[in-house]
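A quick write-up on the structure given underneath.
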């Protein structure tokens, strides 16, 4: 005779398939709370934003208790905030992968399973997550649902003291205090719809005693990214090796300033096209692509040797499908690499060189944060940078090639707009000079620059630096990424948070 096990409990991460179960559980738990909604879009957003922070306890495969969390930069919120501020009105743009605290958004236990200490299991899971992520601790805006019984007699502060002294039992606060959380502050109007708590909550903290102060980059604080931008002189080179020698000169020079990233211009190896004299421009560009693999390998070696991340401007790449693409490589100083293809091809690029547009839009992880690359014409399409910003990009790099000042100003003005509307830094790098007797390579116009958002913490003209037009040079800039985080939460205007997602949305239809 076998005895069937009544419960089979297991902790796991939530999946999108759990939505209906969690929604129904939430409605049963919070039936007394007005206007409570858990749309599927919100559920999906949490899982996509921070999957490891969304956990459940399942019984025979069905969630019976859930916990939602984010990581935040606590300095942006402090001891006085609301649930709406923490969650960015349900958009969760406040989640910061580099944050210092885990913030508990919600814990829900199925009424049929209450009394089985599942809440404690979820809290223990959160504590393990905070340790694994090396966070300072866990913060919670804890409800005080028992307060409505005493609200006409005592203040929220007095109620908390009495709960702490065990003169009053509160089903939430008492539980949290018994799990090693201590009170930091009362949060007025934390969740106005929580009528039992009279809209109040208690800011509680659990301290991770195993937290270790994060290693700083030598000579700089972690939040600072130093970037170098090369304004490149177009010149004839006798060979590919001569070209690489000039590239290495700038990598060496910029790395001497302990920069983290160096940016080169679009098609900066185009001077080599003169070695294919006698071929039409379309054939010559395809022949130039024969150097691309060796160029990428050489720049990976430079990235390792000079301890710097290199954005290779852009170069022609001939792929197995027979098409020619305009591609920018990111060569990281850890030896890894990735690429961004130019998506929008100008009429001249199509007719003169036969380039095809790429299909993927990427955001790259680097050791100084998430970056994006848009090649020249692509920066004139605001949707691209917006999608990258929504994926966490804080620095956008734009290698470009323009022959006239009017063409340059299109790139410049659009790059400045991308910096403001996406609350990020934007660096642009172009070429100067000319290459005589090379068809389609006549003249170049450039003024390399680094743009910032426009608010009080940034330069008054939203320009971090700009080169002198028409000369070969470099720019070196320190970019404080913490200012971007602060701007997105506390800026005079907050483009990301102010988007009317109830009216419109941006959706990527490409391969990735």
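Please treat every number below as a calculation from the coordinates, not as lab data. What you see is a predicted model, and the numbers here were worked out from it, not measured in a lab. When we count neighbours, we look across all protein chains shown, and the Cβ atoms used for this are built from the backbone with ideal geometry, even at glycine.
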Checklist outcome for this item: The exposure ranking of 81, 359, fewest beta-carbon neighbours within 10 Å first, is 359, 81
Checklist entry - Which whole-angstrom value gives the distance between the alpha carbon centres of region 269-294 and region 10-87? => result 55 Å
Checklist outcome for this item: Put in order of increasing Cβ neighbours within 10 Å, starting from the fewest, 401, 206 give 206, 401
Checklist entry - What area, in nm² and to one decimal, does the C-alpha convex hull of region 226-498 cast on average over all directions? => result 13.2 nm²
Next on the checklist: Could you tell me the calculated FRET efficiency between residue 320 and residue 248, based on Cβ-Cβ distance and R0 = 35 angstrom, to the nearest 0.05?
Outcome noted: 0.70
Checklist entry - Using mean Cβ contacts within 10 Å as the protection proxy, how do 425-433, 15-23 order, highest first? => result 425-433, 15-23
Checklist outcome for this item: So for region 142-237, using the alpha carbon gyration tensor with a ≥ b ≥ c as root eigenvalues (a/c under 1.5 gives rounded; past that, a/b versus b/c decides prolate or oblate), I'd call it prolate
Checklist outcome for this item: Checked region 422-512 against the a/c 1.5 cut and the a/b vs b/c comparison, axes a ≥ b ≥ c from its Cα gyration tensor; verdict oblate
Next on the checklist: Could you give the length gained by full extension between residue 360 and residue 473, i.e. 0.36 nm per residue of separation minus their alpha carbon distance, to one decimal place?
Outcome noted: 37.5 nm
Next on the checklist: Can you compute the modelled spin-label distance between residue 275 and residue 224, with each label point 7 Å from Cα toward Cβ, in nm?
Outcome noted: 4.1 nm
Checklist outcome for this item: Rounded to 0.05, the calculated FRET efficiency for the beta carbons of residue 178 and residue 210 at R₀ = 22 Å is 0.55
Checklist entry - In whole Å, how far is the Cα centre of region 318-396 from that of region 234-253? => result 23 Å
Checklist outcome for this item: For 312, 93, 336, 42, ascending order of other Cβ atoms within 10 Å (fewest first) is 336, 42, 93, 312
Checklist entry - Rounded if a/c is under 1.5, else prolate if a/b beats b/c, else oblate: with a ≥ b ≥ c from the C-alpha gyration tensor eigenvalues square-rooted, which is region 9-207? => result rounded
